[in-house]
Amino acid sequence: MKKGNIGVTTENIFPVIKKFLYSDHEIFLRELVSNAVDATQKIKTLAQRGDFSGEQGDLTVRIAVDEKAGTITISDRGIGMTADEIDRYINQIAFSGVSDFLEKYKDNANNIIGHFGLGFYSSFMVSKKVEIVTKSYKEGAQAVKWSCDGSPEYSLEECDKADRGSDIILHIDDDCKEFLEKGKIEGLLQKYCKFMAVPVAFGKKTEWKDGKQQETDEDNIINNVEPLWSKSPSTLKDEDYKSFYRTLYPMSDEPLFWIHLNVDYPFNLTGILYFPKINSNIELQRNKISLYCNQVFVTDQVEGIVPNFLTLLHGVIDSPDIPLNVSRSYLQSDREVKKISTYITKKVSDRLAAIFKEDRKTYEEKWDHLKLFINYGMLSEESFYDRAKDFALFKDDEGKYFTYEEYQTLIKDNQTDKDGNLIYLYATNKEEQYAYIEAAKEKGYSILMFDGELDVACVQLFEQKFEKSRFTRIDSDIISRLIAKDDQPQTTLSDNERDNLAEVFKSQMPQLNKTDFMVQVEAMGSTAQPVVITQNEWMRRMKDMAQFQQGMGFYGQMPDSYTLVLNSDHPLVASILSDCDANTAEQLKPILSELKGQEARLAAIQQQQDKKKYDELTQDDRDMKSECEKAVEEQKQKKNAVLHTYAKQNAVVSQLIDLALLQNGMLKGEALSRFIKRSVDLIK
């Protein structure tokens with residue numbers, strides 16, 4: 001028996017392995033099964049080269065769990081190792097058997113996995129003792145047994161083993177006993193080894209017999225050695241791709257499209273990426289791309305390998321050229337990774353462009369699911385916008401689809417304002433904004449539907465990219481001002497009439513949490529609504545953007561700002577103004593007279609004081625002006641009090657306000673109950 005110390009530069013490598021080298025303890029199974037597959041692939045390569053003439057026989061890699069003994073055994077019939085090779089490849093951590101083998105057989109190596117870091121030593125993350133029983137394929141080789149208890153000391157001795165290959169026996173540590181559960185191991189094998197290139201068996205298949213599950217003689221093979229992405233696209237049919245998608249995501253809807261990646265220069269990359277059906281909630285759609293290295297699962301966190309927006313795709317990427325044993329920050333800056341990322345983006349863009357060109361009808365039918373992905377791409381990658389602008393679509397309120405260029409041509413004659421800006425009108429909810437949409441359509445305007453999760457977020461992008469263009473939500477202003485023309489209608493009311501009318505309605509506006517209302521009087525035509533609520537486009541947009549962009553939280557905390565617009569041309573509004581004048585004239589007469597006198601006095605004082613510099617004004621001057629301003633304010637308050645009393649008694653005022661609130665989904669609870677009761681009373 002030979003004893004010695006493992007050749008490492010640190011006194012004890014095992015605490016480092018357990019604590020820092022791998023973030024997940026479960027990774028040990030991937031590493032050891034990968035090594036077993038590796039050794040098996042090597043025997044195939046040697047046989048193909050004529051360097052091994054024996055019978056290959058059954059090459060299945062087998063995993064066995066002995067809960068009673070507390071062991072997991074990974075067995076292969078690969079090339080095995082001699083004592084010298086154990087000393088070189090196991091005892092000297094600095095060397096890599098795979099690297100040497102690849103160098104020798106670089107032109108004919110069968111999917112050698114080989115760059116998962118320290119590989120074999122990940123076994124000590126879960127083991128208090130590890131044994132290797134191995135016999136080399138070389139003629140006359142002596143089987144040997146290597147043993148190590150988690151310290152730098154090891155033992156190596158000759159032993160009996162009938163067949164070539166290696167058995168790795170893990171004596172599971174007390175704090176890792178969950179790995180002795182068969183269900184746990186089967187789950188890990190399904191996760192990491194589902195597509196390995198050599199059959200991997202875990203126990204026997206079972207069948208229902210005599211009222212219970214019983215083992216059969218058939219191996220329980222957990223992997224598919226020829227996954228779909230490893231096959232030539234020309235040999236596959238649509239149903240093959242759909243079936244594979246169901247294998248990956250059993251509970252998902254059928255995918256929209258797919259892309260089969262297959263490139264061997266300037267890097268090796270295979271895989272299949274699917275466009276899933278996505279309506280909303282980006283976060284739920286992420287991390288559905290699995291990264292493999294020569295059919296060995298590595299991770300589903302692929303943000304460093306594909307652009308952020310492509311993480312919405314589902315599927316598989318397999319590449320031996322991605323550095324796997326480095327930090328993610330390094331991975332993102334790796335030159336090969338950037339090449340792969342750029343290539344995938346181009347392939348996705350080309351595929352979408354081709355589908356749009358070849359079958360636009362089908363593309364339009366699937367657009368509502370595609371647009372979240374494409375909008376996200378355009379927002380996050382400027383280069384993707386340049387590619388996508390030719391196959392990205394707008395949808396109008398009637399369900400018709402247009403390219404950006406087609407829609408610009410459609411609206412340029414009727415929706416260009418007096419300053420030459422092209423105005424794109426959009427709605428976010430067809431039902432809630434129905435009245436606004438209809439008013440715009442009566443003007444001959446076209447309305448886009450921006451009802452997707454990122455549609456509104458793209459507005460800023462479109463305004464940057466489209467020349468002399470502005471996007472305006474359909475309820476952001478009255479119809480005559482949405483697209484400013486030279487023939488804007490003007491109200492015939494006097495300033496005093498407009499002020500009185502506005503004050504009457506303002507006094508009856510509800511106090512809603514985090515909501516501010518302004519009141520305006522405008523001429524909108526006798527057939528238009530008597531009262532309309534609008535929401536300022538700029539402020540609403542800033543609040544929307546605050547949900548997506550850091551540093552804009554200030555806008556998110558601001559109250560919602562609405563304007564109640566009174567249509568001075570509508571008979572109901574005109575009737576309220578007339579009735580108000582009739583019922584308040586006597587009370588307002590002395591107030592208005594006093595107010596007029598005080599305003600005249602204040603104007604005279606202001607005119608006189610404007611001729612002086614501020615430091616020339618005496619305290620008496622300032623007091624006189626302040627007293628006059630106070631007197632003016634007192635009269636205004638008296639005037640408003642009269643108007644408020646009138647407004648409170650006029651049920652039609654509150655009814656019109658509530659109708660406008662109801663139309664915008666803002667009338668709820670007690671206020672809604674009062675409205676219903678008032679409606680009944682008015683009908684009587």
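The values are calculated or read from the model by the stated rules, or taken from the named source; none is laboratory data. Predicted, not measured: the structure shown is a model, and the values here were computed from it. No Cβ is skipped: glycine too gets one built from the backbone with ideal geometry, and neighbour counts run over all protein chains shown. Side chains included, ligands, DNA and RNA excluded: accessible areas come from the protein's heavy atoms. Shrake-Rupley method; radii C 1.70, N 1.55, O 1.52, S 1.80 Å.
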- Taking only Cα atoms, what is the 0 to 90° angle, nearest 10, from helix 335-358's long axis to the longest principal axis of the chain? 60
- Where a label projected 7 Å from the Cα of Thr60 along Cα→Cβ would reach, residues of the range 207-248 with amide N under 15 Å: 207, 215-225
- Task: Express the carbon and sulfur contribution to the solvent-accessible surface of the range 170-267 as a percent, rounded to the nearest whole number, probe 1.4 angstrom.
- Result: 45
- Query: Rg and Dmax of the range 396-478, Cα atoms, in Å?
  - Reply: 12.0, 32
- Crossing angle, helix 619-649 versus the chain [Cα axis fit, 0-90 degrees, rounded to tens]: 80
- How many percent of Cα pairs in the range 213-258 exceed 11 Å? 76
- State the label only: which of [x] 45, 32, 24; [y] 77, 29, 24; [z] 42, 28, 25 corresponds to semi-axes √(5λ) of the Cα gyration tensor in Å computed from the shown model? [y]
- Could you name the lysines in cross-link range of Lys465, using Cα to Cα under 19 Å and dropping any fewer than eight places away on the same chain? Lys371, Lys389, Lys395, Lys412
- Here the FRET efficiency for Asn429 versus Glu153, based on Cβ atoms and R0 = 60 Å and rounded to 0.05, is 0.25
- Enter the angle in degrees (range 0 to 90, nearest 10) between the Cα long axis of helix 571-609 and the first principal axis of the Cα atoms of the chain, meaning the one along which they spread out most. 80
- Among Val653, Leu667, Val642, pick out the residue whose Cα is farthest towards the positive end of the charge dipole of the range 637-684, where Lys and Arg carry +1 and Asp and Glu carry -1 on C-beta, about the Cα centre. Val642
- Query: For Trp538, what accessible area in Å² do you get when you roll a 1.4 Å probe over the heavy atoms of the protein chains, rounding to the nearest 10?
  - Reply: 140
- Message: Between the range 451-525 and the range 563-617, what is the separation of their alpha carbon centroids in Å?
- Response: 25
- Partner lysines whose C-alpha sits under 19 Å from that of Lys677, ignoring same-chain residues fewer than 8 away, are Lys648, Lys668
- Task: Please list, in chain and number order, the residues 5+ apart from Val519 or on another chain whose amide H is under 5 Å from its amide H, with Hs placed from the backbone.
- Result: Leu564
- Taking Rh as the Kirkwood radius computed over alpha-carbon pairs of the range 546-684 and applying Stokes-Einstein at 4 °C with viscosity 1.567 mPa s, one gets a diffusion coefficient in µm² s⁻¹ of 66
- Task: Using a/c under 1.5 as the rounded threshold, could you call the range 131-183 rounded, prolate or oblate? The axes a ≥ b ≥ c are square roots of the C-alpha gyration tensor eigenvalues, and prolate needs a/b larger than b/c, oblate otherwise.
- Result: oblate
- Using only protein heavy atoms and a 1.4 Å probe, report how much of Met518 is accessible, in Å² to the nearest 10. 100
- Message: If each residue of separation counts as 0.36 nm, what is the full-extension length gain between Val680 and Ser380 once their alpha-carbon separation is subtracted?
- Response: 102.6 nm
- Of the GluC sites (Glu not before Pro) in the range 375-481, those whose Cβ has at most 11 other Cβ within 10 Å and which sit in DSSP loop: Glu398, Glu431, Glu467
- Item | Accessible area of Ser679 in the full protein assembly, 1.4 Å probe (Å², nearest 10) | 20
- Of the listed links Lys191/Lys242; Lys237/Lys338; Lys161/Lys205; Lys485/Lys589; Lys347/Lys430, those spanning more than 29 angstrom between alpha carbons are Lys237/Lys338; Lys485/Lys589; Lys347/Lys430
- Item | Virtual spin-label span in nm between Leu572 and Asn414, 7 Å along Cα→Cβ | 2.8
- Query: In debye to the nearest 20, how big a dipole does the chain give about its Cα centre with +1 on each Lys and Arg Cβ and -1 on each Asp and Glu Cβ?
  - Reply: 40
- Message: What number comes out for accessible area per residue over the chain if the probe is 1.4 Å? Units Å², please.
- Response: 51
- Note on the structure: The extension gain from Glu463 to Asp51, computed as 0.36 nm times the residue separation minus the Cα-Cα distance, is 141.6 nm
